[in-house]
Structure formats: structure tokens, C-alpha cells
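Shown next, in C-alpha cells, is the structure this report addresses.
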Amino acid sequence: MSSVPRDVTLPDPAEVLNAHSIEEIEEWMTRYPEDQKQSAVLAALSIAQHQNQGWLSTELMDAVAAKLEMAPIAVYEVASFYSMFETEPVGRHNIAICTNISCMLMGSDSIVEHCEKKFGIKLGESTPDGRIYLKVEEECLAACAGGPMMQVNHAYHTNLTPERVDEILDALD
Amino acid sequence: MSDDTVNITVDGRTLPAKKGQMLIEVTDAAGINVPRFCYHKKLSVAANCRMCLVEVEKAPKPLPACATPVMPDMIVHTQSSLAREAQQGTMEFLLINHPLDCPICDQGGICELQDVAMGYGQSASQYTEGKRVVFDKYIGPLIATEMTRCIHCTRCVRFGEEIAGIRELGATGRGENVRIGTYIAKSVVSEVSGNVIDICPVGALTARPSRYSARAWELRQQPSIAPHDSIGSNVSVFIDGSTVNQVVPRDNESVNEVWISDRDRFSYQGLRHAERMTTPLVREGEALVPTDWSSALARAAAVLTPTPGSEADLGTLVAPHSTLEELYLAQKLTRGLGSPHIDHRLSQVDFSQAKADPVMPWLGMNLPDLETLNAALLVGSNIRKDQPIAALRLRKSALAGAEISLINPKRVPLNFEAAEQITVRYDRLVEQMHALAVAAGCDLSALEGAPGDAQVSTQHQRIVESLKSGERSAVMLGNLAAAHPARATLLYLARQIARATNATVSLLPERGNTAGAWLAGAVPHRGPGGVAADREGSNAAQLLAGGARRYLLVNAETDYDAASPAAAAQALHDADGVVALASYLSPTLASTADVILPIAEFTETFGTYVNAAGQWQTTKGAVAPPGEARPGWKVFRVLAEALGLEGFGFDSPEAITQEVQRACTSVELNNLLDADDKLEYPGSLAAPMVRSGETPIYRTDPLVRRSQPLQKSTDGKQAFMSMNASVLASIGASEGDAVTIDQGGARAVLPAKLDEAIPDGTVWVPMGLYETRTLGTVFGEVTVSQGGELPGEPAITAVPGIAGGQVKEAV
């Protein structure tokens, strides 16, 4: 049993999550047995993060906990474990440059250097205007054939050069 | 040899084992030491620390003993070079990030990591890189954290999830960034949270109140019994010189397993509170002044000695957390002085159907039986807060599928899923129980005036069905039922429902020694052993309403213990004389007592406690009481001598216990007694607003009330008037606003608190608080209005003769 402790006051999910998020989370919940709502936690956190410019506040995680009838700490555990969840405010465009072996051999270091210079921030930081977040990417993104590569929000971009990077990133709002 | 037994060989010894048992259980039973950190006999197997690696023949690599089931003819080596190397390797990795701050660590000397490192560690480390550092978050006044020391065994996480039933701590992050904590800064709220201090194998979680105050090897250890609830948890008291430094659980499977509540663990912090009295006090004019024992005893004797004809104007009130010996001597002394008026039921208001009172309120079973119930109905019980250890056991039944339902005047916090939770205004509890009784087809011939058209709902039917179909089911009455104005009716209905459904009637005694008080004869209608008294005296409510002219108070703080503290204060003010045996000064005592004799508290005195299951547990004093305070039994002995009473010349406290035991030889525990008199069905009230409440978990007895760490914890903050949103709106207040409660002229002002657990038409105002000592009974009609001046912090009642609240060391 991993239900919400009665001593903990959690927010009403409907007041924190928007209608679209709730609809999507509920759709995910239908995929699992009634007594195993927590199976939808990864999907629910993704949806909640998407609603909030790419990061999860404690309030959002609490709302997910309430929605899935989980102890809030169990939701925090999941959110802090997976690298695709951000638990601190970050820039609204999530830029993940692969630096794993194949991309590194293909020159990802220069792509990283270019981006850091371009935005004046280091990997793991966001621009002060809240536009760009350079993610510390820990794992290979499985596009080795097209290295160096990066993921911008949800899209893959391969065979990068500094010029190509400028083109892609300047087109962001 | 039965089929489920196998033989295995460990280090050359043949050991019998049950199929499916883990290797470590077998080696533990045989006394073979296998080092471990994450394994704990009461928790699930995590197998994440890898410390218990052993060599198993034919296995390709070392296996963790905690997660390896025994197999027939398994050959295990715990000391082979393969096993030792594996254990040493694990130890080396565990120490990589562990700080070497043992000299400033409270765990130093009692640390499992230190011990195992002595046996399995290397004298030097090969590791030269930077160590991980974890910044701590505050998790409340009871537990100190130093998470850099954490080795991620997750015992504390599993304790919360599996035992306490509240998942508060977790392992967030991953890899090197894993940390154990609450993630957000918040106080843990579990009433058994302190147990993580004991199960933590390192110094990551330590007791905050005793932090940095002593080294483990400087402490002496004494066994004792915790007096704060009717479990009687077995504890060890750690003593630093003459002061109690810590209280920790002592294993007793039949009582508290290996756990204790935070109340039992941290109550000792109240022992040196500024209100503690260390000399006898007598009233000179308006003021209480310190004096010596002989003059105080002479004054007490003068007050208590009756003039001819005035024998029966003495009323004795003794608190139900007192020792069995104090309770027994209090009634013996009172009756010896010719008065029949003695009672311990200070917070009770309904005394009808006295013949149906059992010899002592009894659980109806042993404590471990709470784990194997199939169904239970709890009536008027906040079991998690009132008897925390019983709740842990009941939770095991619930996890095994038992249907546990509750009927309460507020939705109480639980650590298990309830089958049904019926929450109604307090004056409708009887109606709900009556509906259940009708659904169960009970004989209700002794109940007059009950409505013919009981509203039986599907909820009621489901509860009755679960009680009937359960092989082992119980109807349990808790503290709220005992304090309820229709206590006798609730008990009657519970009995009839239990009879009709073949369930056990289970009574949860309210306080640490409520059961002992009944056996000792500290009730007006029965003597020791439950025999009918020669002369029936007045009950506590009558006495506290001015039914006596002279009072003897034993451990009783009427401001906090009395059902109606305002009326009790008045009665004591109007009295001709008040003698108190007490450990602490409280407001009304300070203004009314003529003589106060300071007595010993928990850990300071010999005493016997009878728990809910009827187990008698005797403990000796572990430390001397402070100053001139003396054990209660000794004070009774000298007081009786001063009064010229016979039969108090006990050589030892054991002689008193034996005298009570002799009186109890023919006691048969039975919760199914019947009264001859009829009961009038109490209808619900027409009043739009009522007060309900309880004695909160950390206000149950004088010591707990003065333990600052407990008072500062989440459960310790109770001075609120709680109500649901519609009630709050109806009085035009918002949360935090001052609200005045008026009970027929008795008033208090408290901040409003929003709490949807409170039913409509109700304000929840606890009793036992400093802020509510000006009020009447906890259940009743009230008017509430927005506004009023909020009281400040509770004032400390200054003890005369003690400068600045300093307590003198014991002699």
C-alpha cells in the first residue's frame, strides 16, 4: 500500500494541473489496473513537466501524487531519479547535446563549446532570460549514425556543425 | 523431521532450517555472526548493502545471506577467504563516502558501521578522491540528521512504508547523488518516527534532544516500562550520571516487539522541566512556600485527619498513569480514613451502568492477536495517536486483508486502509451504533426509547457482515468512547453487536495504568480485585463538581486531566483543604493546594503497570528523583504513619505489589458483563453547534505535557479550534482568526483551523491544553463567535523556592 498519508495535505490536482494535463494523465491511468495507478507516474510527470515550461515544482509533483494516490515522497523519488525530469526552474527550450563516445569522436566537444560561447552559459545552466537550457546529458541518445547530434525539446538534430546549430537554435522563439 | 525442514551446513555445523527461510535467519538463530546493514528482522529484504555476502558451495560467486533462501544440503562458509574478501570489499566501498567523524558522532560507540569496520575493514583507505557531502534538511524536533554519514541501507525508508504506514522518508536522486530524506524540508509526523534512530546502522539519524550530550560508553542502562499508554512498552533507560539521557525500546515480542512510540521515547525530556517540584510546599497565607518533609507531612495529616462525622467529606482523585502501588495505597489510605470517595476516571463523564464495568478494561486478547484479526470495528478511537503500538499491530491485520471500520466523531488519521469510516457529530455516535445493532439483529431489550426506524445503511450492513464472517473479529472501544457522554450506551451496544456477530469486545484502556487503577480499587464502587465496595463513594465527576470538602490529589492535574477543568478548579478553590502528591506544579494546584508533597516520576520510582492485555509489568527506579522528591509509595507510607493508619508498614515496594496481587488472585477478565438497570436512548442534540475533542497524544500525563521536543513536534501543536470549511464560513472567520468558544460562561479563545476531518456543526477543541483549561466538558453544546484576544504562549507556573526554574541535582 502506498497511498497518501492522511497527515499530509496535498493540493487538489484540478487546481494545479490544467485540464489538458489531467485529461492526458487520466488517459494513461486507464492503461493500468485500478489499484496500480502509480504505474502512470512517469507519464504523469512528463505531462506535468510539459505544462510548466520544462520543470517540475514541488506543487506539481504533489498534484501528481494526489492524482495517482501515491505518497508524495515516492513521486519525488521518481522525479529526482530520471534525468529527463528537471526539479529546478530551467530555460524553456531544452537543448541536450550528446557527448557520449560516438558523438565525441565526431566532434561534439566543439558543438558544446560553440553553444556555451553563444549563450554565455555552461552545460547545466539556463540563460538569464529563461529561453535556453543547456542540459547535462548523461547518456547516449541512440543516434550514433548521425553524430554529433543534439535533442532540442523533443526533436533530434543530427550531423551538426556550428552553422547548423546556429540555424536551429536561432529559429527558436 | 517434518517436510518443511531442511538441513544445511554452515561453517561445518549442521543446522536445521525451514524451507524458504533466508540464510541469515538461520545463522542468526544459531548465533553465527554475519555482518549486515540493510537487513533487519522486522523489515523486508532489500539486499542492497551487500555486507552479508557469504560463500555458498557450488554458487559461482558470494551470495547475500539476507536474500538467499536455504536449500537442502546447502554448504555455507561465512569465514572462508572468498567470503572474507567479499565482505572486506563491501566494507571498503561503504567507507569510501562515509566521513571519519566518529569523534563527534553521537552514534560513536553504538555504531553498527564502526563495529563491522573493526571486524571487516582495513586499517587504511586506498581512496584519495573527494568524498560526497550531503546538506541536511530539518525534519523536526525529534530526529537529528547528518546525511553525509548515510550508507543508503534504506532501513528508515522501509520502516516508514512497512511498519509505520506513512512513507515520509525516501531515496531521491540516483547513483552517487542518492540521498535519504524528505526531499522537501518538512517535519516527519509519524507518532513512531523515533524508531528510525534505532534502526539506522550509522549516525545519520540520531536523537535530536540528546544530541552531543553524552558518549555511549559513559551511559548506564536500566530496564523500565513506559507509562504513557496502555501498551506498557518495554524500554531501556540510558543514564548519564544521575540524569536520563535517552530512552530506547527493549525487545518484547508479546508487548511492543522492537518499537516504541515517540511519546515513550522522548517523554523523559520533561523530567527537568521548570515546573518540577523538588521540595515539599505548604501554603502560608496566600503563598506556597518550601518546607521540609516533616512539617509538610504534619500539615498534610492535619488536613486529611477527619473530625468525627466528617470522614466522608474527603475525596481522592488519582491520575490513571500512576503506578499500581500508588493507586492501591491511595485507595487504602482514603478508605482507611473512612471515606469511600476515590476515583481515577478524571476525564470520564458518564458513570451509568456501573455493574457492567469490567473488573478492568481489557483488550479481550493478547497484543499480538491484534495482528491476526479478520475484522474489527473501532468505536470512538483515535488508535494511532492514543495507542500507537496497538495501531502498528492492527495495521498488520489490515495489510493481511482484515476489514477494519471506524465510527468516530472525527475522521481520524490512520496508517492502514479502513473498510468503512463513519464520521458523525459526537451526539450521533449512539444512533450509528444503534443502526449497526439493528443490522446485526441484536437483542436491545435493555435500551429504552430507541427509534423504531433505525436508518440502516449499506455501510452498516457491510460492517456487520465483516464482523460476522470474520473468524476472529473485534468490536473495540477507544479513548473517545470512554470520554463520551453516552459511554455506557456505546459499551452496551458494542457488547450486543459483539454477541450477535460472535466478535470479541475489546476495550482500549485510556492511560498508562487505567487497567491497574481498576484492579487496585481506585474506583468508588469497587475495592482491590474488583470486589464490590462496602460503601459506594462518589465518582470523579461528582467529586470534581464539589462533592467533597477536602481533597487528596495524586498525580492529578485537574487543569488538564479533569473532564471539566473550570468546574474542577472551582471545586478546589471552594474546598476546605487540598493535599497533593505531585511531580509538577500546575496553575490550579499552585492557587489551591495547602500542601504539596513532591513525588517521583517515570524512571525514578518502582512501579507496576497493567497493560491492555492484562500483563503486569514491574519496573525499578533507574535514577533518583530530583531534590527532595520521593517515590510515591514511600510518601504514602510516611503519610499513613503521620495519620496513624495501620497496614502501611511495607518494607519494600514489592510487598505492596504482592498485597495487590493477593487481592487479584480470583480476578477473571471479562468485557461482557451486564447491568441490571435500563438505559435511556440518548437522542441527538438540537444544538446547532457542539464542541468535540480529545486529549491529544502529547497531553496525556504530566511528564509528556512538559517534554519540550514533543510539544514542538507537529502533534504537539494542538491549541486550535478546528472545523470544516462550512462551519468556518458560518461563523465568518478565516483560518488563523481568533475565535471565542463559550460553554455556559466558560470561555476560551483559540485560532481557527481548517480541518475537513471534523463533521458539520462541530468545533474540535481538545482538552488537556493550557489554553482550554478554562472550559467545561469536552463534549457539549457551545456557542462560537469570531473575535477575541488570542492567548500568548502557555505560562510556566513558577515553583516557589527555585530560582530561575533551575532544578537541584538529586542527592
**Request:** Express in whole angstrom the spacing between the alpha-carbon centres of the range B:737-801 and the range A:50-68.
**Result:** 38 Å
**Message:** Please report the spacing between the Cα centers of the range B:317-351 and the range A:139-173 in Å, no decimals.
**Reply:** 83 Å
**Request:** Putting +1 on Lys and Arg Cβ atoms and -1 on Asp and Glu Cβ atoms, find which of B:Ser684, B:Val667, B:Thr9 reaches farthest to the positive end of the dipole of chain B.
**Result:** B:Thr9
**Request:** Using just the alpha carbons, could you tell me how many Å³ per residue the convex hull of the range B:465-570 encloses?
**Result:** 132 Å³
**Message:** If packing is taken as the average count of other Cβ atoms within 10 Å, what order do B:110-120, B:583-593, B:443-453, B:509-519 fall into, highest mean first?
**Reply:** B:509-519, B:583-593, B:110-120, B:443-453
**Prompt:** Tell me, what are the semi-axes, in whole angstrom and largest first, of the equivalent ellipsoid of the range B:686-775 as set by the roots of 5 times the Cα gyration tensor eigenvalues?
**Reply:** 23, 14, 11
**Message:** List the residues, sorted by chain then number, that are 5 or more residues from B:Val54 or on another chain and whose placed amide H is less than 5 Å from its amide H.
**Reply:** B:Leu63, B:Ala65
**Prompt:** Percent antiparallel among DSSP beta bridges with both residues in chain B, to the nearest 5?
**Reply:** 55 percent
**Prompt:** What does the range B:1-56 give for Rg and for Dmax, in Å, if only its C-alpha atoms count?
**Reply:** 11.9, 35
**Request:** Search the structure for amide H atoms under 5 Å from the amide H of B:Gln246, placed 1.01 Å from N in the peptide plane, and list their residues when 5 or more places away or on another chain.
**Result:** B:Phe238
**Item:** Pairs beyond 32 Å (Cα-Cα), from B:Lys131/B:Lys186; B:Lys332/B:Lys410; B:Lys355/B:Lys410
**Value:** B:Lys332/B:Lys410
**Item:** Per-residue average of Cβ from other chains inside 10 Å of A:79-85
**Value:** 3
**Request:** Output ³J(HN,Hα) for the range A:89-104: one whole-Hz value per residue in order, computed from phi by the Karplus curve 6.51 cos²θ - 1.76 cosθ + 1.60 with θ = phi - 60°, and x for Gly and Pro.
**Result:** x, 9, x, 6, 9, 9, 10, 10, 9, 6, 10, 6, 3, 5, 5, 4
**Asked** Which ³J(HN,Hα) values in Hz, rounded to whole numbers, follow from the phi angles of the range A:49-63 under the Karplus curve 6.51 cos²θ - 1.76 cosθ + 1.60, where θ = phi - 60° and Gly and Pro get x?
**Response** 5, 4, 5, 10, 6, x, 8, 9, 7, 4, 4, 5, 5, 5, 5
**Message:** Please report the accessible area of A:Glu59 (heavy atoms, 1.4 Å probe, ligands and nucleic acids excluded) in Å², nearest 10.
**Reply:** 110 Å²
**Asked** Taking only DSSP H segments of four or more residues, each worth -39500 (n - 2.57), what value at 222 nm results for chain B once the sum is divided by all its residues, to the nearest 500 deg cm²/dmol?
**Response** -6500 deg cm²/dmol
**Request:** Please identify, among A:Asp62, A:Asp12, A:Asp129, the residue showing maximal mean-square fluctuation in a Gaussian network model of chain A using a 10 angstrom Cα cutoff.
**Result:** A:Asp129
**Calculated diffusion of the protein assembly as shown, Stokes-Einstein form, Kirkwood radius summed over Cα pairs, 10 °C and 1.306 mPa s, µm²/s** = 51 µm²/s
**Message:** I'd like the Karplus ³J(HN,Hα) series for the range A:140-147: coefficients 6.51, -1.76, 1.60, θ = phi - 60°, whole numbers in Hz, and an x wherever there's a Gly or Pro.
**Reply:** 4, 9, 6, 10, 4, 4, x, x
**Message:** Per-residue Cβ counts within 10 Å, from other chains only, averaged over B:411-421: what number is that?
**Reply:** 2
**Complete:** Per the range B:647-727, sqrt(5λ) over the Cα gyration tensor eigenvalues, sorted largest first, in Å, gives 39, 29, 10
**Asked** Ranked from the most accessible area to the least, with a 1.4 Å probe and all protein chains present, what is the order of B:Asp262, B:Asp676?
**Response** B:Asp676, B:Asp262
**Peptide B:171-178, shielding by other chains (average Cβ, 10 Å cutoff)** = 4
**Prompt:** Could you give the distance between the Cα centres of the range B:571-589 and the range B:641-685, to the whole Å?
**Reply:** 25 Å
**Most to least accessible of B:Ser564, B:Ser684 (protein chains only, probe 1.4 Å)** = B:Ser684, B:Ser564
**Asked** Cα to Cα, under 29 Å, and not fewer than 8 places away if on the same chain: which lysines meet these conditions relative to A:Lys117?
**Response** A:Lys135
**Message:** If I ignore ligands, DNA and RNA and count only protein heavy atoms, how much of A:Cys140 is accessible to a 1.4 Å probe, in Å² to the nearest 10?
**Reply:** 60 Å²
**Complete:** With +1 at each Lys and Arg Cβ and -1 at each Asp and Glu Cβ, the charge dipole magnitude of the protein assembly as shown around its Cα centre, to the nearest 20 debye, comes out at 1500 debye
**Item:** Cα-centre dipole for the range A:87-173 with unit charges at Cβ (Lys and Arg positive, Asp and Glu negative), debye to 20
**Value:** 40 debye
**Request:** For a quick protection proxy, order the peptides B:123-135, B:551-563 by their average other-Cβ count within 10 Å, most packed first.
**Result:** B:551-563, B:123-135
**Message:** Using only the heavy atoms of the protein chains and a 1.4 Å probe, how would B:Lys634, B:Lys18, B:Lys42 rank by accessible area, largest first?
**Reply:** B:Lys18, B:Lys634, B:Lys42
**Asked** Binned at 10 Å from 0, what are the whole-percent values of the Cα-Cα distance distribution for chain B, short to long?
**Response** 3, 13, 21, 24, 19, 12, 6, 2, 0, 0
**Fill in**
Using the Kirkwood formula on alpha carbons, the hydrodynamic radius of the range B:47-124 in angstrom works out to 13.7 Å
**Item:** Ordering of A:77-86, B:644-653, B:333-342 by packing [mean C-beta count within 10 Å, highest first]
**Value:** B:333-342, A:77-86, B:644-653
**Message:** So if a site counts as exposed when it's one of the trypsin sites (Lys or Arg not before Pro), its DSSP state isn't H, G, I, E or B, and it has at most 12 other Cβ atoms within 10 Å, what's the longest stretch of chain A without one?
**Reply:** A:32-121
**Prompt:** At a 1.4 Å probe, what is the % contribution of carbon and sulfur to the accessible area of chain A?
**Reply:** 51 percent
**Prompt:** If amide H atoms are built 1.01 Å from N in the plane of the peptide, which residues on other chains or at least 5 residues away come under 5 Å of the amide H of B:Met476?
**Reply:** B:Leu377, B:Leu378, B:Val379, B:Ser506
**Prompt:** How much of the DSSP beta bridge set in the protein assembly as shown is antiparallel, as a percent to the nearest 5?
**Reply:** 55 percent
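The values are calculated or read from the model by the stated rules, or taken from the named source; none is laboratory data. Everything numeric here is computed off the predicted structure, so don't read it as measured data. Note: ideal-geometry Cβ built from the backbone for every residue, glycine included; neighbour counts use all protein chains shown. Accessible surface is based on the protein model in full, side chains and every heavy atom, while ligands, DNA and RNA are left aside. Shrake-Rupley method; radii C 1.70, N 1.55, O 1.52, S 1.80 Å.
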